[in-house]
Structures are given as structure tokens and as C-alpha cells.
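Asker: Could you have a look at this structure, given as C-alpha cells, before my questions?
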Amino acid sequence: MNTSTSRNIKFLTKVNRNFFIILTMVLILISLTGYFILRITIIRGAKENLLNKADAIEKLINETGSLPNLEPGIETKQISHIETTQSEFNVIYIYNEQEDEMEPFLEYSTRLEINGKFYAIKLRQATFEFEDLIIILTITLFILLLTAFLISYFISKKVNKTIWVQFEDNLSAIEQYNFSDKYQLTLKKTHIEEFDRLNNVVENLTGKLRSDYDTLKEFTENASHELQTPLATISLNLEEILQQDMDSESFQKIASAMNAIKKLSRLNQSLLLLAKIENQQFTTKSTVDFNVLIKQKTEEFSVLFDTRSIEITLHETGKFMHEINDHLADILFNNLFSNAVNHNYKNGKIVISISDQQLKICNTGEPNTLKNNTIFNRFSKGNSKSYGLGLSIVKKICDTHQLTIKYVKNDMHCFLIEKSNTVKS
């Protein structure tokens, strides 16, 4: 079965997927924002801590005159003069002998004048300490948000599924509904305004379509009787006239009229058959053995084969079993065999191959301009002998019974019938 390159997805699947994508993006955005906010907050706190230490050292020097030094955290020294009183924060790297690596520190440096003396003070705090703290807090925030989002996602998914249960039930009822059924389509009330509005529209639409279907079905049944009766009457009257004495010219005209009436009658029957198939008026089905049916048709057409000296060959490598209406199965192969004979030539061949999943009927014949996408159209003629409905009927029977038929031209004209669930795109 042919499939489109882009596959459709269910509405709920798309909603849940979009919801999941949005939650993921929000989670990443909040986590990154949280990381930078925590970083700014902690660094600001670290700076305030260094400023407080600087005030404490200034007070200590003022009161005791001692210069505290604790490498690498505190470095104080007396200087001869102050070039600038501006204080600043910098990030520096100090070698750690134990770890054998350079480690980052936040450094606060300032110049002070205390009791007429000048001092340079440098205070440092390892940044890797609060970097670890930031990472731990960010990971904790991420895990908490992820947990909350996952809980929210699955709750939303469950709630959405519950809401859409009745919609799915109604959709299933619509898919299974057939106009040939005797009951009207009735959908469940969902108590959701948009869904109930849709249900009302579908019920009203199917009601109108069912009414049209019943009218069309009645028309086809009546037309079958109303048209066939006058055609049969005309044909009988013409046959009676032919039995009377008349000149040659009148005889030819009446004979031509009879042929036209017979052709019109067959055309009418074919069109009515197509209408009945399209209206699904052949509802009864059974599993048909196509191998047996083809052998029966071979015997029925044996006189025609012999008359035109057509050689028929049958190859069986499996059993082609399929569920189909018995009457339509008979019409299907009547038309295919008639086509193989009518479009063949004297001393021609018909080759039939049957497997479990495929049935192929090939015949020799004159070249034609018809292709797979045109040969099954109504009134498409391979020659003037037919009026182009036989293969349309064949195609319609296949379409309504999950069968796929294709026309292939090589050294012979071939029709391939396959089960739809086995046809590859």
C-alpha cells in the first residue's frame, strides 16, 4: 500500500511532544538562569565578606598596630606612601603545591592610612569553594525542576488521555460506520463544547449522506428494472420484424439497430453494476479460493480458447485465498478472461501465475497506448471492440475488497492482483 513520505501523528501525541519540548526548554533556561543568579549572589556575598574582613583588619591595626598575615588569605604590609586609594576586586591564580595546579582566588586589594602610617592590604578567598557550591545548588535546582516537570508532564498526559477517551470512541464509531447499516450514526456526548459541536455536525452530515445514499440506492434498483424492460421490449419487437420478409437494406438497418440495443443493454447493466459496487450493495462476503475459481473459468472459456487457438498455461506456486463477494469474484474473472481473449490474436497465449500473495494474468496482443494510470478509467478503450467498462468494474471490485490491481506491459499484457496489506510503497 502506498504511504506518504511524511507520517501523520495523533493529536495527543503532538500535544504531549510539544509540551515535553517546551518543558525541556524551560527547564534548561531556568537552570542556566538559576546558575548565573546563584553565581552573582554568592560572588556578591564573597565580596561583602572580604570587605568586612578589611574593616576588621583596619580596626585591628588601629587598635594594636599588628599586621595579620595568613597566606594566601590575608596579606598586610606597611608601605612608604599611597599612590592611589582606590580599592578593587580581581580574580587571580595561585599555585597550590599540594594539588600541583593553579587555583582561582577572588582578591580584594586596598590602601589605608592609619595613625599617619600607610598600609597595603590584600584579602583573598578561593573561588573554587563557591564554584562547587554554585554547581551543587544548580544541580539540586535542576533535579527538583526536572522532577516537578516530569510529574506535571505525566499528570497532563494522563488527564489529556482521559479527556480524549470519548473522542477516540466517537472517532472509532465514525470509522466503522457504513451507510449500508440499518442504524443511524449516534455519537457519545463528551460534555466538551467543541467536541459536542463536532459530533452534531458529523451526525447531521452523515444523516444527509445516508438519505442521499438511500435515494441513490433506490434509484439504481429502479433504473435496473425501468431501463431493462423497454430495451428488452424493443429487442423482441425488432426480432419479430426480422422474421418478416423485407428487402436487404431494411434487414441491415434493423439488424444494426438490434446490435445497438444489445450494446446499450450491456452498457446499462455495467453502469448499474458499477453504481451498486460503489454504493456497497454487495455486503455478503466469504473466503474464496482463487485457484479453484480460475480453473472453473478456464473450463468455461475453453470454447473461446479453442475457437481462436489460444494456448493457456497455469502456474501454481501457492493458494490465493481472499474474502470477497462470490458474485463479484465471478464477475472479476469473467471480465479479466474476456479481456485476455478479446485483446488477444489468433494462436496467441494466456499465462496465469498464482502464488499465496499474487495472481497474474498475462496475454499476448497488439500494442496499445494505455498505461496503468489510464487503463482502468471508464470508457478507456484498447480497441473498438469494447466500450471501456470491463476493467473499470475489475478495478472497483478490487478497491472495495482490499485488493490492488496493476497493469504492466512487456512482451505480454499483464494484470497483477495483490493483497493490499502486502503491497509495498
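Asker: I'd like the residue in the stretch 91-107 that is more than 60 Å from the chain's Cα centre (by Cα) and assigned to a strand (DSSP E or B) and, out of all such residues, is modelled with the highest pLDDT.
Answerer: E107
Asker: Scan the stretch 113-130 for residues that are open to solvent by 20 Å² or more (accessible area, probe 1.4 Å) and touching a residue at least 40 places away in the same chain (Cβ under 8 Å) and report the count.
Answerer: Keep residues of the stretch 113-130 that are open to solvent by 20 Å² or more (accessible area, probe 1.4 Å), which gives 113, 115-118, 122, 124-125, 128-129.
Next, from what is left, pick out any that are touching a residue at least 40 places away in the same chain (Cβ under 8 Å): 115, 118, 122, 124-125.
Final tally of qualifying residues: 5.
Asker: Spot the failing condition for T110; the list is (1) buried (at least 16 other Cβ atoms within 10 Å of the Cβ); (2) at pLDDT below 85, and only one is missed.
Answerer: Here T110 clears every test but (2).
Asker: Only one of (1) touching a Ser or Thr at 6+ places or on another chain (Cβ under 8 Å); (2) more than 21 Å from Q280 (Cα to Cα); (3) not hydrophobic (A, V, I, L, M, F, W, C) fails for E131. Which number is that?
Answerer: Condition not satisfied by E131: (1).
Asker: In the stretch 77-90, what count of residues is obtained for those that are in a loop (DSSP other than H, G, I, E, B) and not charged (D, E, K, R)? Break it down into steps so the answer makes sense when it comes.
Answerer: Just the residues of the stretch 77-90 that are in a loop (DSSP other than H, G, I, E, B), to begin with: 80-87.
Now drop any that are not not charged (D, E, K, R), which leaves 80-82, 84-87.
Residues in the stretch 77-90 being in a loop (DSSP other than H, G, I, E, B) and not charged (D, E, K, R): 7 in total.
Asker: All but one of (1) within 30 Å of T284 (Cβ to Cβ); (2) without any contact (Cβ under 8 Å) to a residue 40 or more places away in the chain; (3) of a type in the set (D, E, K, R) hold for K217; which doesn't?
Answerer: (2)
Asker: Take the residues in the stretch 108-130 that are assigned to a strand (DSSP E or B) and within 23 Å of T41 (Cα to Cα); name whichever of them is nearest to the chain's Cα centre (by Cα).
Answerer: Out of the qualifying residues, it is A126.
Asker: Taking the options I294, I352, I331, name whichever one is on the phi < 0 side of the Ramachandran plot, open to solvent by less than 40 Å² (accessible area, probe 1.4 Å) and touching a His at 6+ places or on another chain (Cβ under 8 Å).
Answerer: Working: I294 fails: touching a His at 6+ places or on another chain (Cβ under 8 Å); I331 fails: touching a His at 6+ places or on another chain (Cβ under 8 Å).
The unique qualifying residue is I352.
Asker: A follow-up question, please. Going by the structure shown, is I241 surrounded by fewer than 18 Cβ atoms within 10 Å (Cβ to Cβ) and not in a loop (DSSP other than H, G, I, E, B)?
Answerer: Working: surrounded by fewer than 18 Cβ atoms within 10 Å (Cβ to Cβ): yes; not in a loop (DSSP other than H, G, I, E, B): yes.
Yes: the conditions hold for I241.
Asker: Let me ask another. In the set L70, L27, L60, L51, which member is under 30 Å from L150 (Cα atoms) and either out of contact with any strand residue (DSSP E or B) (no Cβ under 6 Å at 6 or more places or on another chain) or loosely packed, with under 11 Cβ neighbours inside 10 Å (or both)?
Answerer: Result of the check over L70, L27, L60, L51: L27.
Asker: Can you tell me which residue within the stretch 236-282, out of those that are among the β-branched types (V, I, T) and in contact with a Leu (Cβ under 9 Å, 6 or more places away or on another chain), is nearest to F219 (Cα to Cα)?
Answerer: Step one: of the stretch 236-282, the residues among the β-branched types (V, I, T) are 241, 254, 261, 277.
Those still in the list that are in contact with a Leu (Cβ under 9 Å, 6 or more places away or on another chain) too: 254, 261, 277.
Numbers: I254: 31, I261: 22, I277: 14 Å.
For the stretch 236-282, the residue satisfying everything is I277.
The values are calculated or read from the model by the stated rules, or taken from the named source; none is laboratory data. Here the structure is a predicted model, which means the values were calculated and not measured. Note that we place each Cβ from the backbone using ideal geometry, even for glycine, and neighbour counts take in every protein chain shown. We work out accessible area using only protein heavy atoms, side chains counted, and drop any ligands, DNA or RNA first. Shrake-Rupley method; radii C 1.70, N 1.55, O 1.52, S 1.80 Å.
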